[in-house]
Amino acid sequence: MSALRPTRCLVLVIALAAGCGKKAPECEAVVDHLMTVLKQGLTGHDGMQLASRKGLIDTCEGKHYSDDMRNCLMATKDLQGMSDCQNKFAPPPPAPGGPPGPGAPPAPAPAPSAATAGSTAP
């Protein structure tokens, strides 16, 4: 029976190691799950068009959703769960006066001052 013990330990170590290296689902799988949850949660809106699958996948990949975020979204069963994941894993908003985030529109050009507006230099 003592020969069986090292084998059991080895099996346990392999099983634990396999679980630790588990990757988060790809964005395509996350989006497919979210679209199912949305359809179930938005009953009575049959004519409403949901966001495009491709657009949602692009958002997931473009914003580099973390493994934790994708795992959370895959585990959600309802709209509240989706919101909870967004609130838990969304990046914090930029600090006031800080640099704009990616995709932010460029800052408007300063308005001409009254001293230079409409004047012509000789």
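Throughout, read-outs are computed from the coordinates displayed, never taken from laboratory work. Worth saying up front: this structure is predicted, and the values here are computed from it rather than measured. Positions of Cβ are generated from backbone atoms using ideal geometry, with glycine treated the same way; all protein chains shown enter the neighbour counts.
Some observations on this one:
- For Lys63, a cut-off of 22 angstrom between C-alpha atoms picks up these lysines, skipping any fewer than 8 places away in its own chain: Lys22, Lys23, Lys54, Lys88.
- Cα→Cβ-extended label distance, 7 Å offset, between Gln40 and Glu61, nm: 2.7 nm
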